[in-house]
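One structure is given here, and the rest of the page talks about it.
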Amino acid sequence: MAHFKVLVILPPDTSNAEEKVRNLLSPYYSELGVEPYKEYLDIAAVEKEVKRLSTLPKESIQKLAEDMEVSSEDLEEIAKLNLDWYEDESAGADEYGFYRMTTINPQGKWDWYSFIEAEPRESATPIRYPCQVVELPEVVPYALVTPDGQWYEVGGEVSVQAFMRTYLNCDVNMSEAEVNWNLKVQETLACYPDCLAVGLNCHL
């Protein structure tokens with residue numbers, strides 16, 4: 001579970017910001033009911049997790065295996081469980097691989113959110129929301145929602161790096177992925193200079 005900042009861009013003629021935000025974010029509600037569909041086991045994610053597990057001390061693997069009640073020699077099984085894949089939930093396999101049936105919203109991004117009225121900035125005037133996009137200082141949210149309802153977000157590793165630099169004052173070099181995300185945000189905002197910007201504190 002985590003908190004993260006989302007910047008929502010609203011049309012300039014928006015009269016009810018709360019209602020508009022609710023409408024734009026509703027498809028991304030994690031508890032939104034959807035028709036049952038096949039969710040496939042992500043083999044690449046399992047392989048990546050096995051690789052990560054193989055770097056851990058033997059004692060850590062044994063503790064994980066003990067908690068999961070599986071063999072410490074079976075890194076693939078531990079990896080699947082770490083990725084919330086349980087064999088007893090598997091409904092079968094087809095040409096695309098093993099799958100389970102689920103009704104979890106595949107677009108789920110949040111389970112609750114609150115509006116940010118003022119965002120403090122070090123040695124600068126706080127950002128007051130809502131405001132015109134053109135009035136925004138350079139901001140880099142975790143996610144950005146455009147007036148047409150498109151959700152864009154940064155990767156987990158990039159967001160951790162930005163958090164460490166911004167809030168923990170850690171000397172962390174900016175990665176290429178983080179630079180690209182910053183550019184994506186600024187380029188997207190530049191398309192909506194007259195629109196309204198609303199800041200949200202989201203949780204998932």
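The values are calculated or read from the model by the stated rules, or taken from the named source; none is laboratory data. Values in this document were obtained by computation on a predicted structure and should not be read as measured data. Neighbour counts are summed over all protein chains in view; Cβ atoms, including those assigned to glycine, are modelled from backbone coordinates with ideal geometry. What goes into the accessible areas is simple: the full protein's heavy atoms, side chains included, and nothing from ligands, DNA or RNA. Shrake-Rupley method; radii C 1.70, N 1.55, O 1.52, S 1.80 Å.
Are there any pairs with C-beta distances below 7 angstrom linking a residue in segment 72-90 that is touching a residue at least 40 places away in the same chain (Cβ under 8 Å) to a residue that is assigned to a loop (DSSP other than H, G, I, E, B) and open to solvent by less than 60 Å² (accessible area, probe 1.4 Å), with the two at least 6 apart or on different chains, and if so which?
That search, which allows pairs on different chains as well, returns W85/L41.
So V133 passes all but one of these: (1) open to solvent by less than 60 Å² (accessible area, probe 1.4 Å); (2) without any contact (Cβ under 8 Å) to a residue 12 or more places away in the chain. Which condition number does it fail?
(2)
Sort out which residues of segment 105-158 are under 20 Å from Q186 (Cα atoms), among the hydroxyl-bearing types (S, T, Y) and outside any strand (DSSP E or B), and write them in order of number.
Of everything in segment 105-158, those that are under 20 Å from Q186 (Cα atoms), among the hydroxyl-bearing types (S, T, Y) and outside any strand (DSSP E or B) turn out to be Y129, Y142, T146.
One line per residue, one yes/no per condition, for (1) open to solvent by 40 Å² or more (accessible area, probe 1.4 Å); (2) assigned to a strand (DSSP E or B):
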site: V21; (1), (2): no, no
site: S26; (1), (2): yes, no
site: L64; (1), (2): yes, no
site: M101; (1), (2): yes, yes
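Looking only at segment 122-137, count every residue that is under 13 Å from C195 (Cβ atoms) and polar (S, T, N, Q) and tell me the total.
So the count comes out to 1.
Residues of segment 77-88 being in a helix (DSSP H, G or I) and surrounded by 13 or more Cβ atoms within 10 Å (Cβ to Cβ), which ones?
The answer is E77, I78, A79, K80, L81, N82.
What number of residues within segment 136-151 satisfy the criterion of being under 18 Å from P27 (Cβ atoms) and open to solvent by less than 10 Å² (accessible area, probe 1.4 Å)?
Summing the residues that are under 18 Å from P27 (Cβ atoms) and open to solvent by less than 10 Å² (accessible area, probe 1.4 Å) in segment 136-151 gives 4.
Please go through segment 42-62 and give me each residue that is part of a loop (DSSP other than H, G, I, E, B) and either at pLDDT 95 or above or open to solvent by 80 Å² or more (accessible area, probe 1.4 Å) (or both), ordered by number.
D42, T55
Consider L144 against the criteria (1) over 30 Å from K20 (Cα atoms); (2) under 13 Å from the mean Cα position of the chain (by Cα); (3) modelled with pLDDT of 90 or more: it satisfies all of them except one. Which criterion is unmet?
Tallying (1) over 30 Å from K20 (Cα atoms); (2) under 13 Å from the mean Cα position of the chain (by Cα); (3) modelled with pLDDT of 90 or more, L144 fails exactly one: (1).
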